[in-house]
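The values are calculated or read from the model by the stated rules, or taken from the named source; none is laboratory data. Just so it is clear, the model here is predicted, and its values are computed rather than measured. Every residue, glycine as well, gets a Cβ built from its backbone with ideal geometry; the counts of neighbours run over all protein chains shown.
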Amino acid sequence: MKAPRGNIMNARIRSVAQVALFVAVAFASSPSFAAPTIRCPDILAMFATNLQTALTNAIGGNGGLSFNMWAAIVNRDGSVCSVVFSGPNDRQEQWPGSRVISMQKAYAANAFSLDGLPLSTANLYSAVQPGGSLYGLQHSNPVDAAAAYAGNAALFGTGITDPAVGHKIGGINVFGGGLALYANNEVDGNGNPVNGVVGAIGVSGDTSCTDHIVAWKVRDALGLDFVPGGVSPTGDDNMIFDIVGSNGNFKSKSGFGHPDCGFGEKPIALGLPANFPVGP
């Protein structure tokens, strides 16, 4: 015998109400829904020095090809906050293609770093190779080309007036140059305390090893390098040079290794934790 239609409707209403109550309680009790992303202006206000100045001062003595660089900042949502370049006269004094790559690196470092564990884009290199623990990751989160290349090219690299600012460019870059930004006892525009990862920096324009070195120095100068740990031997997000083999037949002992770029960068990169220590 079928149940009366009215009883069936009442049961459905009770079921829907129970689900709605469960969802409401879950959302209310979960801290992840109560922590708004720090706005770009608040992140830029935390910088100990201007991004342009920090990038310009970091150029030179980094091995590699001694080229000028692009640097990009994103917030925790992955929105671009600022894009600058180090060339003294014109944006074309550095690889034009590296503008978008710098934004990709910032997006990737932010996307795969947490309050308790950062992963630099250099740390992702071996993990995304065939057989690696994150194989295929580089094909996720594709670049939004419309947002990346839109706007007046004359404004590319002009800081907060770069046309990409305010947009999520996306892209997962898996070689050196992207680092998460970590705050310690900062405050946002409303006076709320800010700690942990707030976004990331991406640097591009030279060898990937030099890009990493410059990004590390810039992060240090900005004062947002309170890195809580990491997969590197020094307990941070520095490059790991533990790859053996070559030509598609190689292995990283840690699973997070990066190739030696071969232009004198390795000893400089390995010395970063001592010469530009993270934290206070």
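What the table below lists for this structure:
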item: Selected residue (criterion: surrounded by the most Cβ atoms within 10 Å (Cβ to Cβ)) from residues of segment 47-64 that are in a helix (DSSP H, G or I) and hydrophobic (A, V, I, L, M, F, W, C); result: Leu55
item: Only one of Ser204, Ser208, Ser254, Ser232 that is among the hydroxyl-bearing types (Ser, Thr, Tyr) and under 20 Å from Asn50 (Cα atoms); result: Ser204
item: Residue in segment 222-239 that is assigned by TED's automatic domain parsing to the domain that holds Tyr125, in contact with a His (Cβ under 6 Å, 6 or more places away or on another chain) and in a loop (DSSP other than H, G, I, E, B) present; result: yes
item: Cβ-Cβ under 8 Å pairs, at least 6 apart or on other chains, segment 96-122 side within 17 Å of Asp237 (Cβ to Cβ), far side of a type in the set (D, E, K, R) and crowded, with 23+ Cβ neighbours inside 10 Å; result: Lys105/Asp211; Ser113/Asp237; Pro118/Asp237; Leu119/Asp237; Ser120/Asp237; Thr121/Lys105; Ala122/Asp237
item: Residues of segment 215-253 that turn out to be crowded, with 24+ Cβ neighbours inside 10 Å and of a type in the set (Lys, Arg), as a count; result: 1
item: The lone exception for Ala24 - which of (1) under 29 Å from Val197 (Cβ atoms); (2) over 20 Å from the mean Cα position of the chain (by Cα); (3) modelled with pLDDT of 85 or more; (4) not β-branched (Val, Ile, Thr) it fails; result: (3)
item: Looking only at segment 167-183, and only at residues there that are within 15 Å of Ser113 (Cβ to Cβ) and touching a Leu at 6+ places or on another chain (Cβ under 9 Å), the one that is surrounded by the most Cβ atoms within 10 Å (Cβ to Cβ); result: Gly178
item: Search result, residues across segment 254-265 that are surrounded by fewer than 16 Cβ atoms within 10 Å (Cβ to Cβ) and not small (Gly, Ala, Ser); result: Asp260, Phe263
item: Members of segment 97-117 that are farther than 14 Å from Val74 by Cβ and surrounded by 18 or more Cβ atoms within 10 Å (Cβ to Cβ); result: Ser98
item: One residue from Asn68, Asn110 being within 21 Å of Ala221 (Cα to Cα), in a helix (DSSP H, G or I) and in the same structural domain as Gly189 (by TED's automatic domain parsing); result: Asn110
item: Among the residues listed as Tyr125, Tyr135, the single one being in the same structural domain as Asn57 (by TED's automatic domain parsing) and surrounded by fewer than 20 Cβ atoms within 10 Å (Cβ to Cβ); result: Tyr135
item: Any hit, segment 92-106, residues being in a strand (DSSP E or B) and not basic (Lys, Arg); result: no
item: All positions within segment 117-141 that are modelled with pLDDT of 95 or more and part of a loop (DSSP other than H, G, I, E, B); result: Leu117, Pro118, Leu119, Ser120, Tyr125
item: Residues located in segment 163-197, provided they are part of a loop (DSSP other than H, G, I, E, B), more than 29 Å from Ala269 (Cα to Cα) and in contact with a Ser or Thr (Cβ under 7 Å, 6 or more places away or on another chain); result: Val165, Gly166, His167
